[in-house]
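One structure is given here, and the rest of the page talks about it.
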Amino acid sequence: MNHKERMLANLPYRSWLDGLSEERMECKKKVFAYNNLPPDAVEEREKLLREILGKTKEGYLNIESPFHCDYGYNIEVGTGFFANYNFIILDVGKVRIGDNFMCGPNVQICTAGHPLHPETRNSGYEYGIDITIGDNVWIGGNVLVCPGVTIGNNVVIGGGSVVTKDIPDNMLAYGNPCRVVREITEADRDFYFRDRKFDVDDYK
C-alpha cells in the first residue's frame, strides 16, 4: 500500500509522499481560482465548484468565498447545499454530506488528525477518519466537526460547538464538547426562533 492508499483507507500515512503534495497543490490552484471569481459569475463559480468536489448532485449548490479544502475529490455533497463564508473541509478522509445541508460562517469539517504522543507525531505520520453528515442538517457558525463523527438526519448543531461524538437523527445539539440537548419534534414546526411563532402560513 502506498501512502495515498493508506490515507484513503484511514490508516497512518505521510502527506508528502506518493503524489499527495502535488494533488494538494492542484486543489489549491482550483480553490484559489474559485475564491477569486467575481460574486456575480454564478454559472462559472458553480461549474468550478463541481470540478473541485468529488461528487455532487443536480440542484442548488453554493459555497460563499472564501472556501478551502485539501483534495476536493474526497468530498461528496447532496442537492440543496449551502455553506457560508470561511467554510473549511480538511478532506484527508472521506466527507459525505446529504441533501439540504446548510451551515453558518467559519464552520470546519476536519477529518485530519495527528498522533497524541510527541515523538510519534514528529515521525510525520498523520491520519484522516471519515465524517458523515445526513440529510436536512443545519450547522451554526463557528462549529468544528472532528474526525470520525457521524451526524444524523434532521440535526441542528448550535453555533460554537465542537462535535467530537456522533449525533443521532432529529436532535438539537450544542456545546463544547457538543451534547444532545433535546429531540426536534412536530411541536417545533410553527416556531422560527425560540418562542417566536411564524406570522405567515406559507412555511408549511
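Observations on the model:
- Filter result for MET1 (farther than 27 Å from GLY104 by Cβ, among the hydrophobic types (A, V, I, L, M, F, W, C) and assigned to a helix (DSSP H, G or I)): no
- Looking only at the range 186-204, and only at residues there that are hydrophobic (A, V, I, L, M, F, W, C) and assigned to a loop (DSSP other than H, G, I, E, B), the one that is surrounded by the fewest Cβ atoms within 10 Å (Cβ to Cβ): VAL200
- Residue within the range 75-84 that is surrounded by fewer than 16 Cβ atoms within 10 Å (Cβ to Cβ), at pLDDT 95 or above, farther than 19 Å from GLY104 by Cα and not aromatic (Phe, Trp, Tyr) present: no
- Residue check, TYR71 of a type in the set (Phe, Trp, Tyr), surrounded by 18 or more Cβ atoms within 10 Å (Cβ to Cβ) and under 27 Å from LEU49 (Cβ atoms): yes
- Positions within the range 1-25 being surrounded by fewer than 15 Cβ atoms within 10 Å (Cβ to Cβ) and out of contact with any helix residue (DSSP H, G or I) (no Cβ under 8 Å at 6 or more places or on another chain), in sequence order: MET1, ASN2, GLU5, ALA9, LEU11, TRP16, SER21, GLU22, MET25
- Count - residues of the range 11-67 that are assigned to a loop (DSSP other than H, G, I, E, B) and of a type in the set (Lys, Arg): 1
- Here the strands (runs of 3 or more DSSP E) wholly within the range 70-185 that include at least 3 residues being of a type outside the set (Val, Ile, Thr) and under 15 Å from the mean Cα position of the chain (by Cα) are 81-83.
The values are calculated or read from the model by the stated rules, or taken from the named source; none is laboratory data. The shown structure was predicted, so the numbers you read here are calculated from the model rather than taken from an experiment. Neighbour counts are summed over all protein chains in view; Cβ atoms, including those assigned to glycine, are modelled from backbone coordinates with ideal geometry.
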